1. Could you say whether any residue in region 223-234 is over 22 Å from G145 (Cα atoms) and either part of a helix (DSSP H, G or I) or of a type outside the set (F, W, Y) (or both)?
2. Looking at L158, L210, L240 in this structure, which one is assigned by TED's automatic domain parsing to the domain that holds S85 and outside any helix (DSSP H, G or I)?
3. Among the candidates S91, S137, which residue alone is touching a Phe, Trp or Tyr at 6+ places or on another chain (Cβ under 9 Å) and assigned to a helix (DSSP H, G or I)?
4. Taking F170, is it closer than 30 Å to G145 by Cβ, part of a helix (DSSP H, G or I) and under 25 Å from the mean Cα position of the chain (by Cα)?
5. Residues that are at pLDDT 85 or above and loosely packed, with under 14 Cβ neighbours inside 10 Å: does region 213-220 have at least one?
6. Filter region 235-271 down to the residues that are aliphatic (A, V, I, L, M), modelled with pLDDT of 80 or more and under 17 Å from F43 (Cβ atoms) and list them by number.
7. So which of G215, G173 is of a type outside the set (A, V, I, L, M, F, W, C), assigned by TED's automatic domain parsing to the domain that holds T93 and under 29 Å from P234 (Cα atoms)?
8. How many of the residues in region 44-65 are assigned to a helix (DSSP H, G or I) and surrounded by 15 or more Cβ atoms within 10 Å (Cβ to Cβ)?
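The values are calculated or read from the model by the stated rules, or taken from the named source; none is laboratory data. Note that the structure is predicted; figures quoted are calculated from it, not measured. Ideal geometry is used to build each Cβ from the backbone, glycine not excepted, and the neighbour counts take in all protein chains shown.
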Amino acid sequence: MREVGLIKMSKKISISKFIAYLFLIVLCVIWVIPVVFGITTSFRSQTEVVSSGFRLFPKEWIFENYVAILENTSTAPILRWLFNSVFIAVSHTLLVIVIISLTGYGYSRMNFKGRDTLFFTLLGISFFPGVVNIIPSYKIIDAFGWVNTSWAMIIPGLAGMGNIFLVRQFMKGIPGELDESARVDGAGDFRIYFSIILPLIKPVLIVCGLFSFVGSWNDFLWPVIVYTDVDKMPITAGLLLLQDIYGNYRMIGQLMGSAMLAIIPTLLLFAFAQKYFIQSINLNSGIKG
């Protein structure tokens, strides 16, 4: 009887796994097909784009669209936009990692009056839609003279409560005995932070850094508001400008090629940072033995 029960249980597990894998495959196909179609469209001629219906792959692969994109340095300097986006996203991400790690340490390892009240108050405020802050944020940026500068993209959002919450929860999984042992040896808070806590929270910092990089890279509404100088725009604001240059069925292949160039950095980043997502879920992943 026991063997029969085990067989039935294994069959149920196999069926549930099959349904789960089937569901994931369907979602993957739904997501991949538009991306593949966008990539292949960037290699089509304008004639084929307009004349032919939906075809996943072009009749003839051409590279003229990418050549035209890279040669257009006057009205659509896409390489300059990519450089601007890389500089903004990398600077923003590095500052985010420094700020959220220090803030998370304060909220999780240090004891001061009103600590939890302050944290959950700020966490609750962060649930308000970001769009309500656009006008006040622009007024602040304008007062600092940061309009049409990289500071307008780098500084806002450095202390995101979502990232601080993740770091705080991760730090709470680190035993407090490590802090106590270090204090016995004469270490202060900054020594504990740099020598003990920082190496152990590396996985969650990488994940938060990844989220921050992608969020900064893909930010669309804010750069459209704070940039008017074409040469200083990031790639997202530049893509909106390209809709006027290449859109309305005039140069769809070049418009799609520009969009494909814009997503390459984020795809590479996700490809090389996947393992850290799993590590960040386990709150004790940095603890050995």
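1. To start, the set of residues in region 223-234 that are over 22 Å from G145 (Cα atoms) comprises none.
Checked against the condition, which is being over 22 Å from G145 (Cα atoms) and either part of a helix (DSSP H, G or I) or of a type outside the set (F, W, Y) (or both), region 223-234 yields no hits at all.
2. Numbers: L210 fails: outside any helix (DSSP H, G or I); L240 fails: outside any helix (DSSP H, G or I).
None of the others qualify; the one that does is L158.
3. Details: S91 fails: touching a Phe, Trp or Tyr at 6+ places or on another chain (Cβ under 9 Å).
Exactly one of S91, S137 is touching a Phe, Trp or Tyr at 6+ places or on another chain (Cβ under 9 Å) and assigned to a helix (DSSP H, G or I), namely S137.
4. Numbers: closer than 30 Å to G145 by Cβ: no; part of a helix (DSSP H, G or I): yes; under 25 Å from the mean Cα position of the chain (by Cα): yes.
No, not satisfied.
5. So the first thing to find is which residues in region 213-220 are at pLDDT 85 or above, and the list is 213-220.
In the following step, the residues that additionally are loosely packed, with under 14 Cβ neighbours inside 10 Å were identified as 220.
Scanning region 213-220 turns up at least one residue that is at pLDDT 85 or above and loosely packed, with under 14 Cβ neighbours inside 10 Å.
6. L255, M256, A259, M260, L261, A262, I263, I264
7. G215
8. Restricting attention to region 44-65, the residues satisfying the condition of being assigned to a helix (DSSP H, G or I) are 46-51, 64-65.
Cutting the leftovers down to surrounded by 15 or more Cβ atoms within 10 Å (Cβ to Cβ) gives us 46, 48-49, 65.
Selection size over region 44-65: 4.
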